[in-house]
Amino acid sequence: LRENLYFLPVGFNLTRSIYESPFYWMSGDEAYKDSAFTHRGEATEEIAYEMLASVFGKDNVHRDVKVLKNKKERITDIDVLATAGNKAVIVKAKSKKLTELSRRGSEENLKADFSEAVQKAYDQGLICRASIIDKNNTLVMSDGKELHLNEFVNDAYIICLTTDHYPAVTHQVDVYLKKMTEDPYPLAMSIFDFDILAFYLKDPFEFLYYLRQRVNLSDYYKASSEITLLACHLRQKLFPRPEVDREALDESFAQLIDANFPVMKGHHPKTAAVEKLHHKWKNEKFQQLVNQIKTTGQPGFTDAIFYLYDLAGAGADDLINQMEKTKIKTISDGQQHDFSMIFEKGRSGVTFLSLADSPEKMERILLPLAVARKHKTKADEWLALGSVAGSPNIVDAAAFNKQPWKEDNELEELAKIALKQGKPMNLKGEKIGRNEKCFCGSGKKFKKCCGK
């Protein structure tokens, strides 16, 4: 406008220039450019480590982890590794910048840059994933000490991280990524998007659940940016709709984060738009149940937490309501009561058992009951929950099984007994007389209740 006074219509362009320009200055210095590239890669790993540590805790995040087949053979290196339960996050960081021709839309250059920034990181990530899931390999930290995980990892999510703003990289994964059908998709994103993920998904299990949904639904959800997908998840959860093959998400989802993030960071005053990001559903008792499962520390219970996250919403409300009604029955009549709920058209379910007696009795009864119901339903996943009347806990016992259903004659016989099919029997397999109290806990004689 005049000397030393400029009109800047888009403030983002200035901050981007401040961030990106020094790279070109340093890469023009022949004596220093190699060091600059090295420092750039190290800085990216350090930033990723700090962001993951804010979610998983420093004890569960490690840099420069070596995976060894034996003392002499090293399989691969993991830039940054984070773990919670039996799940892991593998970050492969690349400091490759988009070329100017790519920014202008040259498809040939876009493919070349994608190969350097994402494809190579993904290929390395697959090796890391396979090696960490292999229970026979050894993990060694940067200080030379062996890394002992709390439990074996059965799944790991690959994040391909770039240092720069990388327009449409989410879409490019759909178009350019080369992968085998059985291999999982990666999440490709910039360090800036990664920062936003770590900000909104502060709980490690919520962070991992989002990664799982993104990977499993990569062919279902289509969007132009990671932030669009994250905002959709925060607003309504990434979950496929019945009878729908694919969903394309509008950029208006990302605008929800645009309105919320700067305010939450303290950069802008609060407006009504801030409140539109998060869904309004809340069930405090269901959250207590989830939190209780999180603190068990039992191997494999990350899968149980994911299963509960899948239920969040109407399914969670129904579950808690039925649990409370069943516990009230036990408190009122001193009898055992149970129910089962089936989800996903019979592919999964929950069994809840309420007892007036000790936890020791719960252990004897709950598991056979849940196993029998899972087998009878022909389900692949089943959650068993148990509660003792008068306990301050939401549940006092829990078990989770995700083994695919298969025919089993012994389980078929167990189901006939435990689920009172065929001849009337109690859980111990003893026949019930017509004049005895009904096994359902109604207090009525069997002949006047279920015996009809």
Exercise. Out of the residues in the stretch 395-451 that are open to solvent by 60 Å² or more (accessible area, probe 1.4 Å) and at pLDDT below 55, state the one that is nearest to THR326 (Cα to Cα).
Key: CYS450
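Does the stretch 20-36 hold any residues that are out of contact with any helix residue (DSSP H, G or I) (no Cβ under 8 Å at 6 or more places or on another chain) and either open to solvent by less than 70 Å² (accessible area, probe 1.4 Å) or in contact (Cβ under 8 Å) with a residue 40 or more places away in the chain (or both), and which are they? Step through it out loud before you land on a result.
Let us first name the residues in the stretch 20-36 that are out of contact with any helix residue (DSSP H, G or I) (no Cβ under 8 Å at 6 or more places or on another chain), namely 20-22, 24-25, 28, 30-31, 34-35.
Scanning the stretch 20-36 gives GLU20, SER21, PRO22, GLY28, SER35.
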Exercise. Give the number of residues within the stretch 328-375 that are assigned to a helix (DSSP H, G or I), touching a residue at least 40 places away in the same chain (Cβ under 8 Å) and either open to solvent by less than 70 Å² (accessible area, probe 1.4 Å) or touching a Phe, Trp or Tyr at 6+ places or on another chain (Cβ under 9 Å) (or both).
Key: 9
Quiz item: If you check SER54, SER35, which single one turns out to be under 25 Å from the mean Cα position of the chain (by Cα) and of a type in the set (Ser, Thr, Tyr)?
Solution: SER54
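Go through ALA43, ALA53 for me and flag whichever is open to solvent by less than 50 Å² (accessible area, probe 1.4 Å), of a type outside the set (Asp, Glu), over 15 Å from HIS165 (Cβ atoms) and in contact with a helix residue (DSSP H, G or I) (Cβ under 9 Å, 6 or more places away or on another chain). Before the answer, list the steps.
On the way: ALA43 fails: in contact with a helix residue (DSSP H, G or I) (Cβ under 9 Å, 6 or more places away or on another chain).
None of the other options fit; the residue is ALA53.
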Quiz item: among the β-branched types (Val, Ile, Thr), assigned to a helix (DSSP H, G or I) and touching a residue at least 40 places away in the same chain (Cβ under 8 Å), is that true of VAL118?
Solution: yes
Practice problem: Keeping to the stretch 125-146, report how many residues are of a type in the set (A, V, I, L, M, F, W, C) and either in a strand (DSSP E or B) or open to solvent by 50 Å² or more (accessible area, probe 1.4 Å) (or both). | Solution: 4
Quiz item: Is there any pair linking a residue in the stretch 245-256 that is more than 14 Å from ASP219 (Cβ to Cβ) to one that is outside any loop (DSSP other than H, G, I, E, B) and open to solvent by 90 Å² or more (accessible area, probe 1.4 Å), with Cβ under 6 Å and at least six apart or on different chains, and which?
Solution: LEU256/LYS276
Quiz item: So how many residues does the stretch 277-289 have that are in a helix (DSSP H, G or I) and either touching a Gly at 6+ places or on another chain (Cβ under 7 Å) or without any contact (Cβ under 8 Å) to a residue 40 or more places away in the chain (or both)?
Solution: 3
Quiz item: If you go through the stretch 301-312 one residue at a time, do you hit one that is open to solvent by 60 Å² or more (accessible area, probe 1.4 Å) and in a loop (DSSP other than H, G, I, E, B)?
Solution: no
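Taking the condition aromatic (Phe, Trp, Tyr), over 18 Å from PHE56 (Cβ atoms) and assigned to a helix (DSSP H, G or I), does PHE239 pass? Reasoning before the result, please.
On the way: aromatic (Phe, Trp, Tyr): yes; over 18 Å from PHE56 (Cβ atoms): yes; assigned to a helix (DSSP H, G or I): no.
No; evaluated as a whole, the condition is false for this residue.
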Self-check item: Pair list, Cβ < 8 Å and 6+ apart or interchain, from the stretch 52-64 residues that are modelled with pLDDT of 95 or more and in a strand (DSSP E or B) to residues that are crowded, with 21+ Cβ neighbours inside 10 Å and among the small types (Gly, Ala, Ser)
Solution: VAL61/ALA82; HIS62/ALA82
Exercise. Starting from residues that are of a type in the set (Lys, Arg) and outside any loop (DSSP other than H, G, I, E, B), keep the ones in the stretch 76-109 and report whichever is nearest to the chain's Cα centre (by Cα).
Key: LYS87
Quiz prompt | For LYS145: the one exception among (1) of a type in the set (Lys, Arg); (2) in contact with a helix residue (DSSP H, G or I) (Cβ under 7 Å, 6 or more places away or on another chain); (3) under 20 Å from ASP79 (Cβ atoms) | solution = (2)
Exercise. Could you list all residues from the stretch 277-301 that are over 27 Å from PHE253 (Cβ atoms), polar (S, T, N, Q) and modelled with pLDDT of 90 or more?
Key: GLN288, ASN291, GLN292
Exercise. Could you grab me the full set of residues in the stretch 242-255 that are closer than 19 Å to HIS278 by Cα and either open to solvent by 30 Å² or more (accessible area, probe 1.4 Å) or not in a helix (DSSP H, G or I) (or both)?
Key: LEU249, ASP250, GLU251, SER252, PHE253, GLN255
Self-check item: Tabulated pairs, the stretch 308-326, first over 20 Å from ALA356 (Cα atoms), second assigned to a helix (DSSP H, G or I), C-beta under 6 angstrom, 6+ apart or interchain
Solution: LEU308/VAL290; TYR309/TYR209; ALA316/PHE286
Quiz item: Can you name the number of the only condition in (1) in contact with a helix residue (DSSP H, G or I) (Cβ under 6 Å, 6 or more places away or on another chain); (2) in contact (Cβ under 8 Å) with a residue 60 or more places away in the chain; (3) small (Gly, Ala, Ser) that GLY125 fails?
Solution: (1)
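The values are calculated or read from the model by the stated rules, or taken from the named source; none is laboratory data. All figures in this text were calculated on a predicted structure; none of them were measured in a lab. Note: ideal-geometry Cβ built from the backbone for every residue, glycine included; neighbour counts use all protein chains shown. Surface areas here come from the heavy atoms of the whole protein model, side chains and all, with no ligands, DNA or RNA. Shrake-Rupley method; radii C 1.70, N 1.55, O 1.52, S 1.80 Å.
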